[in-house]
Amino acid sequence: MLLGHTEESDWPASSEAMAEARNFLGAQKGKHVLIAPHTDVDGLSSCVLAVRAAEAVGARVTIRVPGKGEHAHSPAFQERLRRVRADALLVLDMGSRPGAVVPELPSLIVDHHASTAFPEGAHVLSGYGHEPVAPTSLLTYALVSPWVIPGPLEWLAVMGTAADLGVGAPIPGLKDALRRAGRKAVTEAVALLNAARRSSQFAAPLALDVLMQAGNASDISEGRIPGVEALRDCRLEVQREVGRCAKTPPRFAGNVALLLFSSGAQIHPLVAVRWAQRLPEHIVIAANTGYLPDRVNFVLRSRTEKDLIAFLRGLNLPPMGGEFANGHAQATGGSLTAPDFLRFIEALGFRGLRSHDVERRGVAPG
Ligand SMILES: [Mn+2]
């Protein structure tokens, strides 16, 4: 049995939603389809699957990937999508919020994030609520199966599943599918591709390019595709930056530990996970002042199983610009201006921090 190809009617998504999504895709013959994927491995694998199917349907395809710090609801990204003037939009692994991504453009959202609110008028294929919740690449793989030869593309669904949920995830058939795709090659390829968007250069377009060219996971893990060398450089940079920033001494306020550092790379989630292991009784906040200009990007992690979104909302802070308390209960965070970030951590009990403390710095601060 190929991954996700079960006889069940409500897995990996409801049969009605699956039929509706297939109708949408099948109607794109001769049309111009715009595909907007999340930049993680789950999103990029979904993108390759969707491209293959859209081309088989007879559509013309354009891909637009969000830039550093952007997502489906970022105005600048939405403007780039609008300018393509496509006939239809496919949003993959992101977009689980109300508000149209591109108003009036017929849209299909494929996603698995915890949400019951979606862009108004969009068709939605979601794995949320259908246990075990399948990642977007698996949903997309099931979606596109009428138009492709599924066997040779299974590894893409395996990549996204392993990347989002780990190789031990309780997804039916994953173990066998991993064996077919090559477990070691999959793990290595996932690590290389994920490093791309984390690197300070934000090489997500390169990762997509490599994934589009690859015929299997070992093409990537063995470096048989141009571009893999650059992915290895990204991974080295990310490893070095995690090592450097994880040495930051934590500041404490009650059961909250704050790690404050500056890196152009998206390493704050990795630093937070590392410190949450070291401080299992604490809520860890890893805050990166160097990821985006004039922003502090931060994530919360904890091993205490507290609902971290509820924790943030419970601070009853005045509405802040930027992003705050999105994501899910065990992994949330935000992106705030420096003054808003200072207000936020002051409310947590961190006193005496000044704007100087949240400035962007080089990799070797004096
Ligand atoms: Mn995903």
Go through (1) within 16 Å of the ligand (Cβ to nearest atom); (2) of a type in the set (Gly, Ala, Ser); (3) under 19 Å from the mean Cα position of the chain (by Cα) and name the single condition ALA142 misses. (3)
Test: GLY67 is more than 16 Å from the ligand (Cβ to nearest atom), in a loop (DSSP other than H, G, I, E, B), under 18 Å from the mean Cα position of the chain (by Cα) and closer than 30 Å to LEU231 by Cβ: yes
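List the strands (runs of 3 or more DSSP E) that sit entirely inside region 272-366 and contain at least 3 residues that are farther than 18 Å from SER262 by Cβ and among the charged types (D, E, K, R).
On the way: elements: 283-288, 296-302, 323-328, 331-336.
Fully inside region 272-366 and qualifying: nothing.
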Working only within region 28-47, note down all residues that are part of a loop (DSSP other than H, G, I, E, B) and out of contact with any Cys (no Cβ under 9 Å at 6 or more places or on another chain). GLN28, LYS29, GLY30, LYS31, THR39, ASP40
One residue is enough: does region 88-103 have a residue meeting the conditions out of contact with any helix residue (DSSP H, G or I) (no Cβ under 7 Å at 6 or more places or on another chain), modelled with pLDDT of 95 or more and not in a strand (DSSP E or B)? no
Failed condition for GLY129, given (1) of a type outside the set (Val, Ile, Thr); (2) within 16 Å of the ligand (Cβ to nearest atom); (3) crowded, with 16+ Cβ neighbours inside 10 Å: (3)
So which residues in region 152-173 are farther than 17 Å from ALA53 by Cα and more than 14 Å from the ligand (Cβ to nearest atom)? VAL167, GLY168, PRO170, PRO172, GLY173
When both residues are 6+ apart or on different chains and their Cβ atoms are under 9 Å apart, which pairs have a first residue that lies in region 91-120 and is among the basic types (Lys, Arg), and a second that is away from the ligand (no atom under 15 Å from the Cβ)? ARG97/HIS73; ARG97/ALA117; ARG97/PHE118; ARG97/PRO119
Pairs please, first residue from region 340-353 and free of Cβ contacts under 8 Å to residues at least 60 places away in the same chain and assigned by TED's automatic domain parsing to the domain that holds PHE298, second anywhere and of a type in the set (S, T, N, Q) and in a loop (DSSP other than H, G, I, E, B), Cβ atoms under 9 Å, 6+ apart in sequence or on different chains. PHE341/THR289; ALA347/ASN316
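Can you report the number of residues in region 61-87 which are among the aromatic types (Phe, Trp, Tyr) and surrounded by fewer than 19 Cβ atoms within 10 Å (Cβ to Cβ)?
As a first pass, look at region 61-87 and keep what is among the aromatic types (Phe, Trp, Tyr): 77.
Those still in the list that are surrounded by fewer than 19 Cβ atoms within 10 Å (Cβ to Cβ) too: none.
Residues meeting the conditions: 0.
Looking at ALA50, ALA56, which one is more than 16 Å from the ligand (Cβ to nearest atom), assigned to a helix (DSSP H, G or I) and in the same structural domain as ALA169 (by TED's automatic domain parsing)?
ALA56
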Within region 246-264, identify whether any single residue is touching a residue at least 12 places away in the same chain (Cβ under 8 Å), charged (D, E, K, R), in a helix (DSSP H, G or I) and surrounded by fewer than 22 Cβ atoms within 10 Å (Cβ to Cβ), and answer yes or no. no
Residue selected from region 327-347 under the condition touching a strand residue (DSSP E or B) at 6+ places or on another chain (Cβ under 7 Å) and farther than 15 Å from ALA272 by Cβ, by the criterion surrounded by the most Cβ atoms within 10 Å (Cβ to Cβ): PHE341
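Residues checked against (1) within 13 Å of the ligand (Cβ to nearest atom); (2) surrounded by fewer than 17 Cβ atoms within 10 Å (Cβ to Cβ); (3) within 21 Å of the chain's Cα centre (by Cα):
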{"site": "LEU89", "(1), (2), (3)": "no, no, yes"}
{"site": "PRO150", "(1), (2), (3)": "no, no, no"}
{"site": "LYS175", "(1), (2), (3)": "no, yes, no"}
{"site": "GLY182", "(1), (2), (3)": "no, no, no"}
{"site": "THR187", "(1), (2), (3)": "no, no, yes"}
Looking at ARG278 and the list (1) surrounded by fewer than 20 Cβ atoms within 10 Å (Cβ to Cβ); (2) closer than 14 Å to GLY69 by Cβ, which single condition is not satisfied? (2)
In region 205-227, the residues that are among the hydrophobic types (A, V, I, L, M, F, W, C), touching a residue at least 40 places away in the same chain (Cβ under 8 Å) and part of a loop (DSSP other than H, G, I, E, B): none
Any residue that is crowded, with 17+ Cβ neighbours inside 10 Å and among the charged types (D, E, K, R) - is there at least one of those in region 27-39? no
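Can you find even one residue in region 166-173 that is in a helix (DSSP H, G or I) and at pLDDT 95 or above? Steps first, answer last, please.
Of the residues in region 166-173, the ones in a helix (DSSP H, G or I) are none.
Within region 166-173, not a single residue is in a helix (DSSP H, G or I) and at pLDDT 95 or above.
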Regarding ALA162, is this residue aliphatic (A, V, I, L, M) and part of a helix (DSSP H, G or I)? yes
Candidate set from region 94-107 (those that are more than 18 Å from the chain's Cα centre (by Cα) and surrounded by 14 or more Cβ atoms within 10 Å (Cβ to Cβ)); member that is nearest to the ligand (Cβ to nearest atom): SER107
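The values are calculated or read from the model by the stated rules, or taken from the named source; none is laboratory data. Everything quoted here is computed from the prediction, not taken from an experiment. A quick note on method: Cβ atoms are made from the backbone with ideal geometry, for glycine too, and the neighbour counts reach across all protein chains shown.
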